[in-house]
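These notes concern the structure reproduced below.
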Amino acid sequence: MTRIAAAALAMVMALAQAQAQKPGAEAHLGKGSQLMKQQLFDEAAGEFEKALEITPEDPQARFQHAVCLFALGRNDEARTEFERVRNGRGESHYITYYLGQLDLLSNDYASAIKRLSEVAEDPAFPDAPFHLGSAYISSGDVENGIRWLERAVKLQPNDYRVHYRLARAYSTAGRQPDAGREYGIYTRLLREHKGTETQVRDCSDALRARPLADAQVVCHRMFDPNDPEKLTLLGQLYGDGGAFEQALDPLQRAAQLDPNSYEAWHNLGLTYFRLQRYKDARVPLEKAVALHPETYDSVVMLGATLYMLGDDAAALPVLEHAHRLNPGDAQTEAVVKKLRAEFTKK
Amino acid sequence: MASRGVRPQPRGKPSGLPFHAHFTDVATHAGLRAPVIYGPKDRMDYILESMGCGVAFLDYDNDGWLDIFVLSGTRREGPVEGATNRLYKNNRDGTFTDVTAKAGLVQQGWAFGVTVGDYNNDGFEDLFISGWPQDILYRNNGNGTFTDVTKEAGLLHAGSRWGTGCTWVDYDRDGHLDLFVSHYLVFDFDKIPPAGKNPNCDFKGVPVNCGPRGLVGERPTLYHNNGDGTFTDVTEHSGIGAVPPAYGLTAVAADMDGDGWQEIYVACDSTPSQLFHHRGDGKFDEVGLESGLAVNQDGREQAGMGIAIGDFDTDGMLDVLKTHFSEDTVTLYRNTGHLNFDDVTLRAGLGVETRFVSWGDGIADLDNDGLPDIFWVTGSTFPEVERKHPEFPHKTPRVLFRNLGGGRFEELLEGAGEAIAEVHASRGLAFGDFDNDGDMDILIMNINEPPSLLRNDVSGSAHWLKVKLVGTHSNKSAIGAVVTAVYGGRRQSQAVMASSGYLSCNDRRLHFGLGAVATADLEIAWPNGGRETLKGLPADRLITVKEGAGVVGEERFGR
């Protein structure tokens with residue numbers, strides 16, 4: 001097998017949902033995480049359940065399972081799972097954050113306020129002030145609701161939903177000029193959001209049905225040099241349409257604007273890889289793996305990149321990690337075996 | 001119409017409390033046997049065929065018993081025998097007689113909404129029907145017949161328009177009922193591709209009828225009653241025409257902020273719903289967003305279909321319930337005063353039900369316990385989808401939430417009679433006491449089936465009070481009045497309205513369940529601004545109150 005063929009196959013397998021023959025708990029965890037990333041929470045929950053059958057005391061699997069149940073709206077089951085994790089591992093902000101939201105959904109505002117107050121200052125939960133403000137509003141405490149929603153709009157300035165909630169709170173408090181200002185921001189953001197939805201649809205259709213030059217004109221409408229999310233989306237659309245060269249510029253800009261964006265780094269690395277520019281692919285993929293070390297797609301892609309660059313010593317542990325995350329990837333397994341054999345010879 | 005992929009809230013433990021209302025579909029026995037023709041039986045090629053129509057309870061002959069008016073559609077291929085709007089006269093024995101032909105109301109076409117009101121103040125209820133391509137005004141001649149006076153009234157509009165929501169509203173308080181008509185979208189069979197001919201028109205991968213998204217929305221129209229049997233289009237002058245085009249459906253009018261002037265609220269499909277606030281000078285401002293009634297609590301527009309106005313928390317202020325598509329919740333807005341409404345859907349426990357496309361709705365005390373309950377009807381718009389996705393059936397059940405008090409509701413999946421679980425593709429509905437036995441019955445339009453008439457048989461000893469208002473300075477139908485009943489520590493408000501549910505019209509008589517309390521006080525705000533208070537009224541009877549003259553009639557009836 002040539003290096004290109006091996007890497008290409010590994011990449012294909014990375015993008016496919018490989019079926020493991022007898023995967024261990026780690027494999028189910030990896031697959032579950034992958035499915036969660038794709039927002040396939042039902043399927044992801046199934047993977048975590050399989051992991052828990054093998055290792056029932058694994059708090060990570062149980063926590064991820066609880067998050068999936070929460071996303072699926074199976075709130076009572078989610079609460080039970082979160083509480084089991086808490087009973088086993090003690091309090092953590094992550095559990096408090098979700099339990100606070102569950103309290104809010106079940107109209108237990110006093111408990112929601114208590115829990116969400118504990119995590120509202122934690123930067124890991126930028127939407128906690130939004131939920132806390134909503135809990136205060138629902139409990140009838142408009143003053144504190146406004147205080148936290150004002151904090152929320154600073155943390156989530158581009159979320160129309162937050163501005164709308166704050167506008168409604170101002171309306172309730174009789175602060176009409178403030179409400180008017182927030183309604184204005186909400187209206188603009190919602191219009192932009194809907195505009196983006198339309199642009200994505202148009203760009204995707206154009207890349208599928210029209211010559212690239214024409215499609216580029218359509219897709220350029222969503223080019224916003226100051227919006228990393230939109231730039232990443234544009235890059236992904238180009239990549240999905242096979243226009244890899246065109247994908248590079250928006251993804252590079254996105255990664256520069258938001259160095260903590262896993263999506264930007266992963267897609268930039270993926271695009272370089274597809275263009276066979278392995279040297280350029282390495283750094284973005286390393287950054288993506290640093291941000292999401294358990295995400296199989298990025299790990300296997302980085303391993304394949306290192307392998308293509310001839311850096312076998314660096315490639316082997318990365319591919320071994322990828323193989324643990326997804327033991328069903330036969331091509332990765334083959335490359336790992338081959339590298340191990342080579343190192344043994346040496 | 002569009003779903004938003006909203007997942008239902010988990011259902012809590014059932015309260016186990018008894019529910020004393022029991023519903024039986026008595027339509028066949030009552031003589032309501034003619035199917036309501038509305039497009040093809042097994043598919044809906046065009047959005048026009050999928051929207052269905054309204055129904056009304058009215059007393060057209062003033063005999064004190066509710067008659068029934070059921071709208072109808074047709075089929076694109078041509079006239080269908082028996083397809084007509086139908087008027088059924090109440091025989092006062094649980095049955096009805098079809099008097100459509102005798103009344104001069106035979107009409108085949110695409111009817112959508114109906115509003116009932118005495119626009120010429122002659123003491124008899126007239127009918128306005130919205131439709132495509134034209135609307136119709138029928139004047140009640142007072143002798144059991146009606147005359148189509150659309151043209152002489154000045155209501156014949158140029159070209160084709162799709163009238164949907166319609167309501168009588170005396171917006172300028174001159175004692176004459178004006179007319180508001182909302183419009184859905186610009187429709188032409190020859191210009192809109194049928195299902196299967198446009199790859200962008202699909203639901204869950206199945207080709208379905210196109211729209212409303214991608215089609216051209218419309219603005220509403222306001223007609224001023226000149227007091228001489230004619231109307232003048234004041235859409236632009238009044239500010240009603242200043243709103244952006246939307247997909248308008250049900251329109252209702254009521255004084256929601258207690259300032260003596262009626263607001264007009266329009267449920268809009270896939271666009272923000274509109275609330276027109278009357279300034280008091282003949283002009284309206286659209287304040288949907290500022291009031292909280294345009295969108296849900298996340299700031300997103302929904303597929304607004306039906307509207308119910310009532311006072312679910314018995315705080316003396318009119319709240320709002322609006323129905324939407326499947327995979328979304330209905331939305332319950334609590335009136336907090338000063339024309340400000342909070343979306344309390346989840347808090348109220350209504351988020352558990354997201355399965356059905358929801359249409360006509362009501363906030364009505366079905367078991368007379370003094371707490372208004374919530375009811376709505378359902379039915380898919382895409383019958384073709386069921387074949388591929390059985391989880392999206394065409395015919396679906398009715399939905400009933402009983403009021404637990406404290407702003408909370410509980411869905412009753414059983415225990416309120418077999419008629420609740422029966423499945424139909426329903427649209428309009430009206431509440432009224434057709435058998436004069438002191439509880440609220442329900443009339444429902446079902447697509448390509450006969451209507452349902454759900455007779456309510458309330459058991460137990462709960463009390464009730466019915467109120468009929470007759471205007472003198474105000475319009476004779478008293479449309480626009482708000483009555484607040486004070487009983488057992490509660491203050492429950494209800495509005496006299498000419499439109500409700502989905503494109504439908506309820507019994508004009510207001511019905512208050514009183515629970516264990518045997519007397520109530522009434523505070524009446526008349527449409528022209530006058531106020532009246534009546535103390536210590538005994539329960540279990542219908543009282544008639546004439547503006548300025550107090551109680552002028554009292555009738556005891558019941559089980």
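Annotations
- Dividing the helix sum by the residues of the protein assembly as shown, where each DSSP H run of 4 or more adds -39500 (n - 2.57), gives a mean residue ellipticity at 222 nm of -10000 deg cm²/dmol.
- Inter-centroid distance (Cα atoms) of the range B:171-194 relative to the range A:290-322, Å: 63 Å
- Most fluctuating residue given options A:His65, A:His321, A:His193, as computed from a GNM of chain A linking Cα atoms under 10 Å: A:His193
- Note on the range B:254-315: Cα-only Rg and Dmax are 12.2, 34 Å.
- Paired Rg and Dmax values of chain B, which use every Cα atom, in angstrom: 21.3, 64
- Shielding of peptide A:135-145 by partners, expressed as the average count of other chain Cβ atoms within 10 Å per residue Cβ, is 1.
- Unpaired cysteine residues in chain B (no second Cys Cβ under 4.7 Å): B:Cys53, B:Cys166, B:Cys268, B:Cys505.
- For the segment B:289-295, counting C-beta atoms of other chains within 10 Å of every residue's C-beta and taking the mean gives 4.
- Rg followed by Dmax, in Å, when the range B:178-243 is reduced to its Cα trace: 17.4, 54
- Summed residue charge, Cβ within 11 Å of A:Phe41's Cβ, Lys/Arg positive, Asp/Glu negative: 0
- Kirkwood Rh, angstrom, the range B:25-130 [1 / mean 1/r, Cα pairs]: 14.7 Å
- Cα convex hull of chain A - mean projected area over all directions, nm²: 19.8 nm²
- Normalised per residue, the volume of the convex hull around the Cα set of the range B:258-393 (Å³): 120 Å³
- Given +1 at the Cβ of Lys and Arg, -1 at the Cβ of Asp and Glu and no other charges, the dipole of chain B around its Cα centre is 980 debye to the nearest 20.
- Under the Karplus curve 6.51 cos²θ - 1.76 cosθ + 1.60, θ = phi - 60°, whole-Hz ³J(HN,Hα) for the range B:355-366, x wherever Gly or Pro sits: 7, 10, 6, 10, 10, x, 9, x, 10, 8, 7, 7
- Straight-distance crosslink candidates among lysines, where the alpha carbon sits under 22 Å from A:Lys50 and sequence neighbours closer than 8 are dropped: A:Lys22, A:Lys31, A:Lys37
- Farthest toward the positive end of the dipole of the range B:83-232, out of B:Thr147, B:Gly205, B:Gly227, is the Cα of B:Gly205, where the dipole comes from beta carbon charges about the Cα centre.
- Residues B:Met44, A:Met222 in ascending order of nearby Cβ atoms (within 10 Å, fewest first): A:Met222, B:Met44.
- Per the Kirkwood formula applied to alpha carbons, the range B:413-538 shows a radius of gyration over Rh ratio, Rg over Rh, of 1.01.
- Structural descriptor for chain B: relative contact order 17 percent, calculated from alpha carbon pairs under 8 angstrom and at least 6 residues apart.
- Values of log10 I(q)/I(0), in the order q = 0.16, 0.26 Å⁻¹, for the range B:76-134 under a Debye, Cα-only, solvent-free model: -0.66, -1.20
- Each principal axis of the Cα cloud of the range A:230-346 was evaluated for its coordinate range; sorted largest first, these ranges are 47, 24, 23 Å.
- Of the residues B:Leu48, B:Pro35, B:Ser72, the one whose Cα sits farthest towards the positive end of the charge dipole of the range B:5-80 is B:Leu48 (charges of +1 on Lys and Arg Cβ, -1 on Asp and Glu Cβ, taken about the Cα centre).
- Candidate aspartates and glutamates for bridging to A:Lys230, where Cα separation is under 12 Å - those fewer than 8 sequence places away on the same chain excluded: A:Glu192, A:Glu197, A:Asp258, A:Glu263
- Convex hull of alpha carbon positions in the range A:72-111: directionally averaged projected area 2.7 nm².
- Lys, Arg +1 and Asp, Glu -1 on Cβ, resulting dipole of the protein assembly as shown about Cα centre, debye, nearest 20: 2520 debye
- Which listed pairs, of A:Lys154/A:Lys194; B:Lys102/B:Lys197; B:Lys89/B:Lys466; B:Lys191/B:Lys283; A:Lys154/A:Lys279, have C-alpha distances above 32 Å, in listed order: B:Lys102/B:Lys197; B:Lys191/B:Lys283; A:Lys154/A:Lys279
- When chain A is treated as a GNM with alpha-carbon contacts under 10 Å, the residue of A:Asn226, A:Asn326, A:Asn158 showing the greatest mean-square fluctuation is A:Asn226.
- Rg/Rg_ref, the range B:238-286, where Rg_ref = 2.2 N^0.38 Å and atoms are Cα: 1.12
- Charge dipole of the range B:1-103 (Cα centre as origin; +1 on each Lys and Arg Cβ, -1 on each Asp and Glu Cβ, all else neutral): 640 debye, rounded to the nearest 20.
- Charge dipole of the range B:147-239 about the Cα centre (unit charges at C-beta), most positive-ward option of B:Leu156, B:Val181, B:Leu215: B:Leu215
- Rg/Rh ratio calculated on Cα atoms of the range B:136-192 (Kirkwood radius): 1.06
- Globularity ratio of the range B:146-277, using Cα Rg and 2.2 N^0.38 Å: 1.22
- Debye-sum result for the protein assembly as shown in log10 I(q)/I(0), which assumes one identical scatterer on each alpha carbon, at q = 0.06, 0.08, 0.09 Å⁻¹: -0.47, -0.79, -0.96
- Unpaired by the 4.7 Å Cβ criterion, cysteines found in chain A: A:Cys68
- The rule of thumb for compact globular proteins, 2.2 N^0.38 Å, goes into the C-alpha radius of gyration of the range B:339-472 1.15 times.
Every number here is computed from the coordinates shown, using simple stated rules; none is lab data. Fair warning: this is a prediction, and the values are worked out from it, not measured in the lab. So basically every Cβ, Gly included, is an ideal-geometry build from the backbone, and we count neighbours across all protein chains shown.
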